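Note sheet for the following structure.
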Ligand code: IPM
Ligand code: MN
């Protein structure tokens, strides 16, 4: 297969972790006879520095015409500490999601047998955890009306949802549930928020189309609690942008390191693959960040291209590296800590 992949390395550790995924994808391409063309493009603080905006049109062109986008991370501390900054790297990510129509963010949480005891949670609580949070990604409070009123003293953001936005996400959730354990949990705050009541009403109305799926409705605050008590009780979850942002960070550490969980953002056309973790600026340029979340994101890419053998080969070699202790310092715990680039080389060589 010929694949044209936009490569948006972004900020912080983004360039280092994507470089390892590129090695792995190139090794897969050689083994399975695919022809991959990488198309690097600027995004984030790196793009602000170069051209003054975090998601330039030239980058959008590259992404919109690609078969898939591999993304690293976005963000830089110099913007976080400056509330008056007019242009922020994060705006690039939001703009990209919106312009590419990436309305569904698929964020799995699963455990690795060899890492169970690295989790902040007790083994018996996390064994068997294999869940997917489907986060709505182009609506809600991250895209609602925003601004300040009453001079400088009041700020507001608006959480708006339209029925069709909820429907298209929920449809993905139901279909995913049908392929898995047929359990779907709608996470909302319907005891307080009007937009959450629209979520509940919309999902309830869709239940009749998927009679085999058992749907539950839970409040987001309770889910935040239960996710650390019994994560294995969940399977497919659907939720609004803000709730999903928070819950997926919480869920991502269950596996033992935030550097492990991949994600995809899908829309009607091109999809984007990125690690759940952020730009980790303290580690940038040190060759110490864990590249596995990005490598596993590439596995999701192959899976979505219906190249399951390739996806499985990546997951298998990742498992092998973990079992053999070829890990970066976040997982090495007294043992040898490998460099980011060494882990990438090992994975590519052992495929
Ligand atoms: C994420 C990130 C982004 C988000 C930021 C960087 C805009 O935290 O992908 O979860 O909040 O969506
Ligand atoms: Mn986030």
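Some notes on this structure:
- Meets criteria (part of a helix (DSSP H, G or I) and touching a strand residue (DSSP E or B) at 6+ places or on another chain (Cβ under 6 Å)) for residue 297: yes
- Residues in segment 235-253 that are more than 12 Å from ligand 1 (Cβ to nearest atom) and surrounded by fewer than 23 Cβ atoms within 10 Å (Cβ to Cβ) were compared, and the one that is farthest from the chain's Cα centre (by Cα) is 235.
- Residue check for residue 198: surrounded by 14 or more Cβ atoms within 10 Å (Cβ to Cβ), away from ligand 1 (no atom under 16 Å from the Cβ) and over 30 Å from residue 322 (Cα atoms): yes
- For residue 107, the criteria (1) in a loop (DSSP other than H, G, I, E, B); (2) over 22 Å from residue 50 (Cα atoms) hold in every case but one, which is (1).
- Residue check, residue 206 surrounded by 14 or more Cβ atoms within 10 Å (Cβ to Cβ), more than 22 Å from the chain's Cα centre (by Cα) and modelled with pLDDT of 95 or more: yes
- Every residue from segment 246-257 that is in contact with a helix residue (DSSP H, G or I) (Cβ under 7 Å, 6 or more places away or on another chain) and either part of a loop (DSSP other than H, G, I, E, B) or without any contact (Cβ under 8 Å) to a residue 40 or more places away in the chain (or both): 250, 254, 255, 256, 257
- Verdict on residue 269 being more than 16 Å from ligand 2 (Cβ to nearest atom), in a loop (DSSP other than H, G, I, E, B), modelled with pLDDT under 95 and farther than 20 Å from residue 128 by Cβ: yes
- Candidates in segment 319-328 are the residues that are without any contact (Cβ under 8 Å) to a residue 60 or more places away in the chain and crowded, with 19+ Cβ neighbours inside 10 Å; of these, the one that is farthest from the chain's Cα centre (by Cα) is 326.
Conditions (1) under 23 Å from residue 294 (Cβ atoms); (2) touching a helix residue (DSSP H, G or I) at 6+ places or on another chain (Cβ under 9 Å); (3) surrounded by fewer than 21 Cβ atoms within 10 Å (Cβ to Cβ), marked per residue:
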site: 42; (1), (2), (3): yes, yes, no
site: 52; (1), (2), (3): no, no, yes
site: 57; (1), (2), (3): no, no, yes
site: 71; (1), (2), (3): yes, yes, no
site: 79; (1), (2), (3): yes, yes, yes
site: 84; (1), (2), (3): no, no, yes
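- Test result for residue 335, in contact with a strand residue (DSSP E or B) (Cβ under 6 Å, 6 or more places away or on another chain), part of a loop (DSSP other than H, G, I, E, B) and either more than 30 Å from residue 80 (Cα to Cα) or modelled with pLDDT under 95 (or both): no
- Looking only at residues in segment 90-104 that are touching a residue at least 40 places away in the same chain (Cβ under 8 Å) and within 27 Å of residue 78 (Cα to Cα), the one that is nearest to ligand 2 (Cβ to nearest atom) is 93.
- Index of the failed condition, residue 333 passing every other in (1) over 26 Å from residue 44 (Cβ atoms); (2) surrounded by 22 or more Cβ atoms within 10 Å (Cβ to Cβ): (2)
- Verdict on residue 122 being in contact (Cβ under 8 Å) with a residue 40 or more places away in the chain and either touching a helix residue (DSSP H, G or I) at 6+ places or on another chain (Cβ under 7 Å) or more than 16 Å from ligand 2 (Cβ to nearest atom) (or both): no
- Which numbered condition residue 194 misses (of (1) under 15 Å from residue 161 (Cα atoms); (2) within 23 Å of the chain's Cα centre (by Cα)): (2)
- Within segment 115-170, strands (runs of 3 or more DSSP E) holding 1 or more residues that are in the same structural domain as residue 202 (by TED's automatic domain parsing) and at positive phi: 146-149
- Residue in segment 235-245 that is closer than 27 Å to residue 128 by Cα, within 16 Å of ligand 2 (Cβ to nearest atom), touching a helix residue (DSSP H, G or I) at 6+ places or on another chain (Cβ under 7 Å) and not in a helix (DSSP H, G or I) present: yes
The values are calculated or read from the model by the stated rules, or taken from the named source; none is laboratory data. Because the structure is a prediction, the values reported are computed rather than measured. Every residue, glycine among them, receives a Cβ derived from its backbone with ideal geometry; neighbour counts consider all protein chains shown.
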